[in-house]
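S.K.: Encoded as structure tokens, here's the structure I'll be asking about.
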Amino acid sequence: MIEHMIINLLVILVPLIALQFVLFEKNSDVKWPKASFLFNIINAGVILVCMSFPIPFADGIFFDLRYVPLTISFLYGGIVPGCMTAALLIIYRLYLGGEGSVTAVFFALVTGWVFFAQHQTFHRLPIRKKLLRVSFILFGITVSNLIFLYIYLYPTGGVKWNTAKTAVYTFYPVLQAGAAIAVVSLIERIRHALNLQLQQSEMLHSVGQLAASVTHEVRNPMAVARGFMQIFQKEKYIPEEKKIFLSMMIEEIDRAQTIISDYLSLVKTNTSKIDRLNITELLSSLKGVMYPFALLKGVELVQKGEEEVHVIGDQGKLKQILMNIIKNAIEATPEGGVVTMSAEKGNGEIIIRISDTGVGMGREQLRMLGNPFFSTKSTGTGLGLMASYRMTAEMNGRIEAASEVGNGTHFKIIFPA
């Protein structure tokens, strides 16, 4: 019994793979006609497996989770895949024959009709109501199926009531509803993650168009204005107290140019130059580059570990990744704090650690890291860190962050060894 139950529970998760392609097709301009067909074929295969390996309970009673993939076909695949899956279920059940086949066919039609009617309104519901609705409907259909099956078989002597059957008839609807809740919950997580990716892609596309259109038109006049301000700073006839305003204007122009550079870093396509990089030497070099900035902020910049650690990647990208994170760490650390850098090798991975003793972040802020236009700084855009996440992924790596309010932030940049 346990083996067949595990088969049923695992196999109903298989359509989630094809569903990602279906959802991508429906939520983007990219069209892949085979996606819905693939989803339909996999769902049909899942139903065949569930019905071929039913769960034996007691005294010749067998049940399976066929209604879960049928439900998913209607709700997420569409009306046509749902109807085709229902037709296959009915044909295969009639082929298997046996007692209860008429009841099984009837409730397959009922299930198909119910979720056909739910198809349009279902996706407008919040996640909790979706789970409640699916579980309630499947629980009700399963209980009704069992009652009809009992009524249908009782006169023929096919069912003899006892305590074991009572337990089975109670457990099976719960199992069916629980499996549906698990699958729908996973599907909604996939949809949410995919929608976020699509939103970010659209936002990056808009950012790219903006950056391409304003870069030259804005940077050149800004460079000219900055040059004249530097000249005016050297003029003796301008009072010193007014030169402060010139310095402020230069700083604001520099900040605007930094923002433009952040925009460009998201959209420009650099050709990667793959080399064997010495992380220890690179951190030492970056320490020298960032030392004046850290000194200006009153922050101590410390490098730990002298053992050489190497990684295969693009030096320009890795340098930009580390500079962005180190700079953010220095800016987040109050005067007298410490920013620590180190690199190590272990468990087949290269781990670069950058930690600060700054103000830290809450759980919600931590979750938003790497999203465009999210920053904990009042003057930040979040684009520099987003570019770091993207470039790290391009080098087959990942960034992990941990933080607590008041206890600083700890970044790990991880690459395959």
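S.K.: Can we say G362 is assigned by TED's automatic domain parsing to the domain that holds G408, small (G, A, S) and under 25 Å from the mean Cα position of the chain (by Cα)? Show your work before the answer.
M.R.: On the way: assigned by TED's automatic domain parsing to the domain that holds G408: yes; small (G, A, S): yes; under 25 Å from the mean Cα position of the chain (by Cα): yes.
Judged against the criteria, G362 is a match.
S.K.: Step by step: first the residues of segment 324-371, then only those that are under 19 Å from A417 (Cβ atoms) and among the polar types (S, T, N, Q), then the one that is surrounded by the fewest Cβ atoms within 10 Å (Cβ to Cβ). Which residue is that?
M.R.: Result: N347.
Quick grid of which residues meet (1) farther than 28 Å from N40 by Cβ; (2) modelled with pLDDT under 75; (3) exposed (fewer than 12 other Cβ atoms within 10 Å of the Cβ); (4) acidic (D, E):
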{"residue": "L88", "(1), (2), (3), (4)": "no, no, no, no"}
{"residue": "Y92", "(1), (2), (3), (4)": "no, no, no, no"}
{"residue": "Q118", "(1), (2), (3), (4)": "no, no, no, no"}
{"residue": "P126", "(1), (2), (3), (4)": "no, no, yes, no"}
{"residue": "G140", "(1), (2), (3), (4)": "no, no, no, no"}
{"residue": "K160", "(1), (2), (3), (4)": "yes, yes, yes, no"}
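S.K.: Let me ask something additional. T166 - would you say it is among the β-branched types (V, I, T), assigned to a helix (DSSP H, G or I), modelled with pLDDT of 70 or more and loosely packed, with under 15 Cβ neighbours inside 10 Å?
M.R.: On the way: among the β-branched types (V, I, T): yes; assigned to a helix (DSSP H, G or I): yes; modelled with pLDDT of 70 or more: no; loosely packed, with under 15 Cβ neighbours inside 10 Å: yes.
Answer is no for this residue.
S.K.: Ok, one more. Failed condition for L146, given (1) aliphatic (A, V, I, L, M); (2) assigned to a helix (DSSP H, G or I); (3) at pLDDT 80 or above, with all others met?
M.R.: That leaves (3) as the condition not met.
S.K.: Continuing with this model, one more query. Can you tell which of L89, L65 is under 24 Å from I6 (Cα atoms), over 28 Å from the mean Cα position of the chain (by Cα) and not in a helix (DSSP H, G or I)?
M.R.: One residue alone meets the criteria, L65.
S.K.: Mind checking whether some residue in segment 128-138 is modelled with pLDDT of 85 or more, of a type in the set (D, E, K, R) and either surrounded by 15 or more Cβ atoms within 10 Å (Cβ to Cβ) or touching a His at 6+ places or on another chain (Cβ under 6 Å) (or both)?
M.R.: Yes, segment 128-138 has at least one match.
S.K.: Report yes if E281 is of a type outside the set (S, T, N, Q) and not in a helix (DSSP H, G or I), otherwise no. Spell out the reasoning first.
M.R.: Details: of a type outside the set (S, T, N, Q): yes; not in a helix (DSSP H, G or I): no.
So E281 fails the test.
Here is a yes/no grid of residues against (1) buried (at least 20 other Cβ atoms within 10 Å of the Cβ); (2) outside any helix (DSSP H, G or I); (3) at pLDDT below 80; (4) of a type in the set (A, V, I, L, M):
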residue: F24; (1), (2), (3), (4): no, no, yes, no
residue: S28; (1), (2), (3), (4): no, yes, yes, no
residue: A35; (1), (2), (3), (4): yes, no, yes, yes
residue: N43; (1), (2), (3), (4): yes, no, yes, no
residue: I47; (1), (2), (3), (4): yes, no, no, yes
residue: C50; (1), (2), (3), (4): yes, no, no, no
residue: S73; (1), (2), (3), (4): yes, no, no, no
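The values are calculated or read from the model by the stated rules, or taken from the named source; none is laboratory data. Keep in mind it's a predicted model, so treat the numbers as computed, not measured. Neighbour counts are summed over all protein chains in view; Cβ atoms, including those assigned to glycine, are modelled from backbone coordinates with ideal geometry.
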